[in-house]
1. Quick test of your reading of the structure: Tyr263 fulfils all but one of (1) in a strand (DSSP E or B); (2) among the aromatic types (Phe, Trp, Tyr); (3) more than 20 Å from Leu60 (Cβ to Cβ). Name the failing condition by number.
2. For region 111-135, give me each residue that is more than 20 Å from Gly76 (Cα to Cα) and modelled with pLDDT of 95 or more.
3. From the list Ile265, Ile235, which one is farther than 16 Å from Glu44 by Cα and surrounded by 13 or more Cβ atoms within 10 Å (Cβ to Cβ)?
4. Return the total of residues in region 60-73 being farther than 30 Å from Thr140 by Cα and either buried (at least 18 other Cβ atoms within 10 Å of the Cβ) or touching a residue at least 24 places away in the same chain (Cβ under 8 Å) (or both).
5. Which count do you get for residues in region 33-76 that are farther than 23 Å from Gln236 by Cβ and part of a strand (DSSP E or B)?
6. Can we say Ser165 is part of a helix (DSSP H, G or I) and touching a residue at least 12 places away in the same chain (Cβ under 8 Å)?
7. Just checking, how many residues over region 200-219 are open to solvent by less than 50 Å² (accessible area, probe 1.4 Å) and free of Cβ contacts under 8 Å to residues at least 40 places away in the same chain?
Amino acid sequence: MTNEQRLISENALQRIGRQQDRPPLLNLEPNLFSHGPEVKEVIEVCGDSGVGKTFLMKELTKKCILPKSYLDIPLGGLEAGVIYLNSDLHFNAGTFGNFVMGFLEEMITTTLPNKDEIVKNITEISLKRLTIMNIYNSETMYVTFHLLKTLLLSNKEVSLIIIDSIGANYWQDRMTDGIRKMDSYILHVLSRLFKCIESFKVTVIFTRPSYFQTKTAGAIDVSPVCNLSKVNTSIQLMRSKSEGETSYHATIKNSKSSSLKLYSIGPKGITWSPNQ
């Protein structure tokens, strides 16, 4: 392919990407996003091990892929597709399927002779909106970024891309690219992703451990411009102990405001406390 042909091809992709309408993610999680997430917003979720990062990714994925309702039963889903880049390999498809089925069994409280079949059918329909891509190394990650173009072009349902977690291949990349600062590495990965999906109307959420940051830099700056190239919202999940009891809170920061939400973690996932 000549440079001219490649340029024409890229322009065509950009035009198609801009024209594709995708399911909105409004009310994905009101406790975290008062108005959104927005199209082309980049959101980071950070925290130590055990504070619920992967739990939260499961909750957000579940709400995205579920239908809005089934017959007359409201399910609260968004009917939006999710591409889950499983870099830490903590996300298990079988466990997640059981998680969705458990939720549906509680939501569908009516006594129906075929309730089990209904739950199974809704789960199968929902899981078709989820694409899980296991990322085993740095090379796989960057090849997958390029594959996202094809996936997004062929599936207009996809509205959310999750990277769990963004720093999984840092040490390998550090040897080849020489990027030492962890904050710079995060922006480097986002830049590589941006070059592949900049034209598409999607939202990106990535996780990172709390320790994965440059010690002297503090938190990554958040940008008011949603264009898939910078972090727009930072959510820090934290755990604290007082008199032997463990409590959890989330600090949500964007370019306009900062807020704090309390939550708890149980066998069924994350439960948010009423507005403080």
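The values are calculated or read from the model by the stated rules, or taken from the named source; none is laboratory data. On a predicted model such as this, the values are computed, not experimentally measured, just so you know. All Cβ positions, glycine included, derive from the backbone under ideal geometry; neighbour counts span all protein chains shown. When the accessible area is computed, the model is the full protein with side chains, heavy atoms only, and any ligands, DNA or RNA have been set aside. Shrake-Rupley method; radii C 1.70, N 1.55, O 1.52, S 1.80 Å.
1. (3)
2. Result: Thr131, Ile132, Met133, Asn134, Ile135.
3. Ile265
4. Number satisfying all stated conditions: 3.
5. We begin by selecting, within region 33-76, every residue farther than 23 Å from Gln236 by Cβ; these are 39, 65-76.
Next, from what is left, pick out any that are part of a strand (DSSP E or B): 69-70, 73-74.
The total comes to 4.
6. Details: part of a helix (DSSP H, G or I): no; touching a residue at least 12 places away in the same chain (Cβ under 8 Å): yes.
For Ser165, the condition - part of a helix (DSSP H, G or I) and touching a residue at least 12 places away in the same chain (Cβ under 8 Å) - is not met.
7. Going through region 200-219 one residue at a time, the tally reaches 2.
Quick grid of which residues meet (1) open to solvent by 10 Å² or more (accessible area, probe 1.4 Å); (2) farther than 16 Å from Ile161 by Cα; (3) at pLDDT below 95; (4) in a loop (DSSP other than H, G, I, E, B):
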site	(1), (2), (3), (4)
Leu78	yes, no, no, yes
Val82	no, no, no, no
Leu85	no, no, no, no
Leu89	yes, no, yes, yes
Val100	no, yes, no, no
Glu106	yes, yes, yes, no
Thr109	yes, yes, yes, yes
